[in-house]
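Data first, discussion second: the structure below is written as structure tokens.
The values are calculated or read from the model by the stated rules, or taken from the named source; none is laboratory data. Here the structure is a predicted model, which means the values were calculated and not measured. Ideal geometry is used to build each Cβ from the backbone, glycine not excepted, and the neighbour counts take in all protein chains shown.
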Amino acid sequence: MEIVAARAGGSDLEPILQDYRRRYQLSETAVLNALFESLAAQRAQAWLALDAGRPVGAIILSQQGKEAHLRLLHTMETAPAAAAALLEQTEALLRQGKAERISGSLPFSPQDPLLQVLRQHGYQATPRARLVLDLAAVDTALPHLPGYRFVSWQASYQDAAAVLLELAHRDSADIALQPEFAGLEGIQRLFQMVFAGHYGRFDPDLAWMALAGEQLAGLALNVWHAALQTQGFILDLAVAPAHRRQGLGRALVLTTAHAFREAGAPKLGLAVTLVNRPAMALYEGLGFQVEQYFSVIDKVL
């Protein structure tokens, strides 16, 4: 097995990319976007695994400061050993370049052999799923919960919303996926990125709060999907501990769905960690369908 540098977008990558698109049923646009993001970032790298001179695997990543982002890892089914060779080569180079951490989001289901290779090499891997709801199928009746009223995003509640999300993240394993958003300062940083359009266009009329009197009881932080700009997307959903198990999360999702449907969106999406069975049960019970599995990976080098 030989590991050689490749030019991202070069013809030597094409057979790997074709197999990658086929295996994970990805659109050409999705793959090209990943490559473009890598090339647009600092210190982009692409490496090929060759077997008797034939490309059998590839890894593409970028590095910004001490953080490296894994954009693509793929091997032909006939060359399972290529993944380990690619990881070992790139990790050695990243350490030489003073990188301290590598992370990424890859289209691996929990059963994907490449996910097992990553774990064997010390990566933390969290399987997740993208879910989507056909808004044409949403019940026309808006939810009604006695004692609560639903209002669109109110800037005056931003500090209370930060406290609510910080508590929800603290109780969730998902915070390990994005440690930069830990604590109240991290949540305020998240808000700044949301308002700046980092995750898609933010429309305050489409993000929802549930109020019990004047107290914030729940929040659905929503945007227009960053890549599929006609679709809505739920970035975060949180309910205060004292108001859980009363159907408030379900009501916030339905209110969000109705709002996006009225705004012309055909679908509403979100991402959820598979081990979060209560959340999966909530979304599946509302009619959300799995659109794609993926895994968030992370390793301290």
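Within the stretch 209-233, can you find the residues that are within 16 Å of the chain's Cα centre (by Cα) and closer than 19 Å to ALA182 by Cα?
Listed by number, the list holds a single entry, LEU221.
Does any residue of the stretch 181-202 turn out to be within 23 Å of PRO278 (Cα to Cα), modelled with pLDDT of 90 or more and in contact with a strand residue (DSSP E or B) (Cβ under 7 Å, 6 or more places away or on another chain)?
no
For the structure I just gave you, tell me whether ALA81 is in contact with a strand residue (DSSP E or B) (Cβ under 9 Å, 6 or more places away or on another chain), crowded, with 21+ Cβ neighbours inside 10 Å and not assigned by TED's automatic domain parsing to the domain that holds ILE234.
Judged against the criteria, ALA81 is not a match.
Inside the stretch 106-127, can you point out the residues that are buried (at least 17 other Cβ atoms within 10 Å of the Cβ) and in a helix (DSSP H, G or I)?
LEU114, LEU115, VAL117, LEU118
For the stretch 88-142, name all the residues that are farther than 18 Å from LEU274 by Cβ and among the small types (Gly, Ala, Ser).
Result: ALA92, GLY97, ALA99, SER103, GLY122, ALA136, ALA137, ALA141.
Hey, among ALA251, ALA263, ALA240, which residue is surrounded by 21 or more Cβ atoms within 10 Å (Cβ to Cβ), among the hydrophobic types (A, V, I, L, M, F, W, C) and farther than 16 Å from LEU131 by Cα?
Within the list ALA251, ALA263, ALA240, the selection yields ALA251.
PRO146 - would you say it is surrounded by fewer than 14 Cβ atoms within 10 Å (Cβ to Cβ) and in the same structural domain as LEU274 (by TED's automatic domain parsing)?
Here the answer is yes, as PRO146 does meet what is asked.
Starting from the stretch 240-267, keep only residues that are in the same structural domain as LEU206 (by TED's automatic domain parsing) and without any contact (Cβ under 8 Å) to a residue 24 or more places away in the chain, then list their pairs with residues that are among the β-branched types (Val, Ile, Thr) and part of a loop (DSSP other than H, G, I, E, B) whose Cβ atoms are within a distance under 7 Å, requiring at least 6 positions of separation or different chains.
Close Cβ pairs satisfying both conditions: none exist.
In the stretch 275-291, how many residues are modelled with pLDDT under 90 and polar (S, T, N, Q)?
Residues that pass the stated criteria total 1.
How do the pairs read when you match residues in the stretch 84-105 that are in a loop (DSSP other than H, G, I, E, B) with residues anywhere that are among the basic types (Lys, Arg), using Cβ under 8 Å and keeping only pairs 6 or more apart or on different chains?
GLY97/ARG43; LYS98/LYS66; ALA99/LYS66; GLU100/LYS66
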